[in-house]
Structure formats: C-alpha cells, structure tokens
There are 2 protein chains.
Amino acid sequence: MRYATLGGGKRIRPFLVTQTAQLLGAERSHALHVGAALECIHCYSLVHDDLPAMDDDALRRGRPTVHKAFDDATAILAGDALLTFAFDILSRPECHPAEGVRIALIAALARASGIGGMAGGQMLDLEAEGRFATAAPPLHDIAGVRTLQRMKTGALLHFACLSGALLAQADHEARDSIERYGFAIGEAFQIADDLLDIEGDPAVVGKATGKDASANKATLVDLLGVPAARERLNELVALAEQALARFGSAAAGLKATARFIANRNA
Amino acid sequence: MRYATLGGGKRIRPFLVTQTAQLLGAERSHALHVGAALECIHCYSLVHDDLPAMDDDALRRGRPTVHKAFDDATAILAGDALLTFAFDILSRPECHPAEGVRIALIAALARASGIGGMAGGQMLDLEAEGRFATAAPPLHDIAGVRTLQRMKTGALLHFACLSGALLAQADHEARDSIERYGFAIGEAFQIADDLLDIEGDPAVVGKATGKDASANKATLVDLLGVPAARERLNELVALAEQALARFGSAAAGLKATARFIANRNA
C-alpha cells in the first residue's frame with residue numbers, strides 16, 4: 001500500500017481538492033484528508049489496472065508496477081485495502097466535523113469510483129478493446145468514447161473539485177462553477193493522456209506509450225485526428241477558465257492547473 | 001456483480017444483521033440495507049479470493065467462479081465495484097435517517113474489511129502458506145492463526161452483529177453483549193470451515209475441499225487436532241449463548257444461529 005501511494009506521481013487529484021477548498025474557504029487540513037482518501041482510490045485503480053489480467057503493465061512512474069515489485073496476489077489485496085482505506089479516512093472527523101459533509105463526500109466518492117464511474121468506465125474500456133467475445137464490437141463513435149472517458153477518468157477529477165465545494169459547504173452557484181470546471185478538466189486530462197500515448201517520450205511519461213494503438217483501442221484522438229484533438233483541448237481549457245471567471249484572480253492557481261493538465265508532458 | 005451476489009450462498013452475514021437489529025429494536029428495512037452492503041463486501045472478497053493469483057478456485061456455491069464464468073479482468077472489476085457499492089449503500093438515508101449512525105456503520109465496515117481486518121487477514125493467510133519468499137516462515141502457532149482468522153473471517157461476522165447494535169443505537173451493555181456474541185461466532189465459523197475442509201463433502205459444501213492441506217496451511221484444526229477443535233467449537237457456542245443470556249427467549253434465533261454455524265455441513 002505504501003509502495004503504491006508514496007512512490008511519486010503528480011498528485012493532481014489531491015492538489016485539486018486543496019486548491020478548490022482554498023478558493024471556497026474550506027480548511028486546508030480537511031482538504032488534505034479528503035485528498036489522501038482520493039489518492040488511495042486513484043492509486044488502487046492503477047495497481048489493479050496494471051495487473052496481467054488487465055493492462056499488463058510492468059512500469060509505472062518509472063518504477064516496477066506493484067505486481068512486478070511484489071506479486072499479483074499482493075497487488076490485488078493492496079488495491080482492495082487502499083480502496084477500503086479511502087472510505088475509512090472519509091468517515092473520520094479529521095475530514096470535516098459535520099457528519100453530513102462526510103456522508104456527502106462518501107456518497108460522491110463511491111459514485112465517482114464505482115460501477116457508474118471509474119470501475120464501470122474501466123469495464124467499458126476493456127470492452128472497447130474488443131476483449132470480450134460476447135460483448136459489443138469495439139467502440140468507434142465519439143459519443144461512446146466520451147461516455148467511457150467521463151466515467152473512467154473524468155469522474156474522479158470531477159470529484160476532486162466537487163469535494164472542495166462540499167467541504168466549504170459552498171452555495172449552489174459556486175458549486176456549479178466548480179463542477180463545470182471539473183468536467184472540463186476531466187475531458188482535457190484524458191485527451192492529453194491519449195496524445196501522450198501517441199507522442200510522448202516513455203522516459204518522461206514514466207510508463208509505456210503506444211499502448212492504445214497496439215490494443216486497437218479507439219480514443220478521441222483517433223476519432224478526431226491530432227489537430228482537432230488539440231483544438232478541443234484548447235477549447236476545454238478556455239471552458240475551464242470561463243467557469244471560474246466569477247472568482248477573479250483568486251482562481252489563478254486553478255486556471256493554471258487547467259493549462260498544466262492540457263499541456264503536460266508526463 | 002449480479003452473478004457474484006445473487007447466486008445463492010447462505011447469506012449468514014445479512015441474516016445476522018437482521019436478527020441483531022430485530023433483537024435490539026432497529027427497523028428491519030434499515031437492517032436489510034446494511035445487510036446488502038455487507039453481502040457486497042463478502043461477495044467481492046470471494047470473487048477476488050477465487051482468482052488464479054489468489055486461491056485459484058473454479059467452483060463456488062456449486063457454480064463456476066466469476067473469473068471462470070466471465071474472465072479475470074471482469075472478476076477484478078466486479079469485485080472492486082461491489083466493494084465500492086457497499087459504501088455507496090451505507091451512505092444512503094435508507095440505511096438510517098441519522099447521519100451519525102451511517103458514519104458509524106461506514107467506519108466500522110471499513111475497519112472490519114480493510115487492512116486491519118479482512119484484507120489484512122487474507123494477506124496473512126497467503127503468508128501463512130509460505131507463498132512469499134521474503135516473508136516470515138509458514139505460521140504454526142495457535143496465537144498467530146487466531147489473529148489471522150479473527151481478521152480474515154471474524155471481523156465481518158463481528159460487524160454483522162455490531163451493525164444491529166449501531167442501527168438500534170443500543171446502550172453500552174447491550175452492544176457489549178452483542179459484540180461478545182459476534183466474536184464467539186466469528187471464531188466458531190472459521191473452525192467449522194476448517195473442519196469442513198477436512199471432513200466435508202464437496203458436493204454438499206459447493207466448493208473444493210482439502211485445499212488447506214494441499215496449500216500446507218496450518219489451521220486451528222491442524223494445531224489442536226480434530227477432537228480438541230470440536231471441543232473448542234462447543235465452548236464457543238456456549239459462550240455465544242451466554243453472551244445473549246440477558247435477552248432471554250427473544251434471542252432464541254441468534255442462539256440457534258450460533259449452533260447452525262458450528263454444526264453446518266456446507
């Protein structure tokens with residue numbers, strides 16, 4: 001569990017929790033606890049995704065994946081225990097003194113990471129590779145790929161932003177702005193990821209590239225082409241920045257984060 | 001997820017939730033929701049335990065295991081999604097109108113099923129088989145096996161009972177009685193399971209037997225011998241019944257359940 005969570009990574013999700021919490025006036029210590037829970041979920045998903053039965057990856061963040069450093073059984077159990085630990089953390093008063101806020105966080109994280117979110121999106125992703133003989137043919141339409149990516153990647157990034165609003169018990173309008181920002185960066189993150197898979201340097205990215213093409217998996221970049229995908233990426237950054245317009249310069253950090261997500265090289 | 005949860009099984013854990021809830025005066029509909037969450041956790045653990053990287057079982061409840069009926073990736077994701085769904089369920093008002101009760105249930109279930117409970121016990125169990133070259137030698141002392149079993153099996157059965165007390169917002173003494181009952185049946189359940197592994201009929205048990213011996217895994221039955229293990233089982237049933245003495249005949253169902261757990265043949 002330590003190897004999976006403390007071995008680096010960008011920690012973009014916890015960072016978004018602390019930034020949105022700060023913008024809306026929530027306490028930093030609360031945001032750090034929620035960020036830790038969220039990072040447990042993100043890291044468990046990487047550990048399980050890397051397993052031989054899933055994406056079969058040997059390298060993650062420039063180091064052997066958990067099942068390579070230990071073994072498959074340890075990776076399965078460490079992932080299960082990290083997933084569970086996330087909800088343990090969110091149940092604690094250190095996340096927020098109000099039980100209603102903790103319940104709202106738990107409900108939102110469970111939905112974002114479960115069958116209707118990340119885990120369901122991961123299943124659609126395997127189907128999109130045509131891995132299951134009984135399943136639908138490989139996914140080759142833009143709406144289908146968008147749904148898949150919104151579930152698989154977008155839901156957790158959206159939760160990262162939403163959780164700041166929940167911690168701050170923000171009003172409807174502030175929450176709505178933050179959620180629009182969260183949806184925009186969620187889609188941007190995945191397009192940037194797909195572009196990195198095509199154009200990135202494995203030594204910088206810290207994991208194998210070219211996986212999607214070899215898995216015969218359609219991404220938005222395949223369906224739109226690289227130029228149109230880059231254009232959509234710029235549009236999403238503009239949408240993310242517009243969503244935060246009402247906060248003025250206080251939101252400069254979150255706006256810069258949107259640009260970082262779109263233009264990162266790792 | 002449906003195949004893993006709706007395909008039979010004794011449903012002992014949800015049954016214990018409803019029985020303890022009834023004894024202590026909690027609402028049945030609340031107990032049913034908590035029981036459903038708990039069964040999601042139990043079933044996810046079976047799906048993951050059955051994987052080739054873990055116990056590599058082909059048969060469960062007389063049917064192909066999830067990874068045999070589908071495939072390994074689907075089994076991993078279905079397990080992850082069931083685990084997550086358990087906390088989704090517990091966050092809902094249908095479990096209990098008081099947010100504090102739901103938080104207490106979530107905290108208790110996370111602890112019972114995580115690194116300090118079921119998942120940690122499962123890891124100790126793999127170590128006890130001597131599967132990891134770097135780990136301690138196979139476990140051959142009674143205290144060590146008891147700790148392992150209390151975590152791996154006992155914690156969820158204890159939670160099943162405790163959750164009835166939490167739902168009923170029971171006083172300290174009632175809760176203490178229920179918890180002593182829960183610990184006793186937890187230990188009894190595992191001894192009965194180990195006896196079934198030695199003496200059971202696979203056609204009745206619904207899964208392969210003789211697995212522990214072939215895995216060179218020490219159980220309490222190995223360490224104590226069959227006669228002493230049976231004696232301990234009877235002692236635990238007596239302890240479970242005594243723990244409920246204060247409830248008189250209202251606890252007849254739970255007492256019968258303790259006897260069923262000790263003497264079951266499947």
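Would it be correct to say that A:Asp176 is modelled with pLDDT of 95 or more and either on the phi < 0 side of the Ramachandran plot or acidic (Asp, Glu) (or both)? Yes: the conditions hold for A:Asp176.
Exactly one residue among A:Asp141, A:Asp57, A:Asp80, A:Asp125 is buried (at least 22 other Cβ atoms within 10 Å of the Cβ), in contact with a helix residue (DSSP H, G or I) (Cβ under 9 Å, 6 or more places away or on another chain) and closer than 26 Å to A:Val221 by Cα, and that residue is A:Asp125. Of the residues making up region A:1-17, those that are in a helix (DSSP H, G or I) and either within 14 Å of another protein chain (Cβ to nearest Cβ) or without any contact (Cβ under 8 Å) to a residue 40 or more places away in the chain (or both) are A:Arg2, A:Tyr3, A:Ala4, A:Thr5.
Restricting the first member to region A:168-196 and to residues that are in contact (Cβ under 8 Å) with a residue 40 or more places away in the chain, and the second to residues that are among the charged types (D, E, K, R) and not in a helix (DSSP H, G or I), the beta-carbon pairs closer than 8 Å and six or more apart or on different chains are A:Ala192/A:Arg264; A:Leu196/A:Arg264. Of the residues making up region B:83-104, those that are touching a residue at least 60 places away in the same chain (Cβ under 8 Å) and within 16 Å of the chain's Cα centre (by Cα) number 0.
A count restricted to region B:119-155 and to residues that are in contact with a Lys or Arg (Cβ under 6 Å, 6 or more places away or on another chain) and either modelled with pLDDT of 90 or more or not small (Gly, Ala, Ser) (or both) stands at 4. Of all residues in region A:239-261, those that are in contact (Cβ under 8 Å) with a residue 60 or more places away in the chain and among the small types (Gly, Ala, Ser) have Cβ atoms under 8 Å from Cβ atoms of residues that are outside any helix (DSSP H, G or I) and surrounded by 17 or more Cβ atoms within 10 Å (Cβ to Cβ), 6 or more apart or on another chain, in A:Ala251/A:Leu244.
For the residues B:Thr84, B:Thr18, B:Thr5, the requirement of being closer than 24 Å to B:Leu244 by Cβ and among the polar types (S, T, N, Q) singles out B:Thr18. For region B:29-130, the helices (runs of 4 or more DSSP H) that sit wholly inside it and include 3 or more residues that are hydrophobic (A, V, I, L, M, F, W, C) and within 8 Å of chain A (Cβ to nearest Cβ) are B:72-90, B:99-113, B:118-128.
Considering region B:217-237, the residues that are more than 20 Å from the chain's Cα centre (by Cα) and assigned to a helix (DSSP H, G or I) include one that is surrounded by the fewest Cβ atoms within 10 Å (Cβ to Cβ), namely B:Pro227.
The values are calculated or read from the model by the stated rules, or taken from the named source; none is laboratory data. Please read these numbers as outputs of a predicted model, since none were measured by experiment. Every residue, glycine as well, gets a Cβ built from its backbone with ideal geometry; the counts of neighbours run over all protein chains shown.
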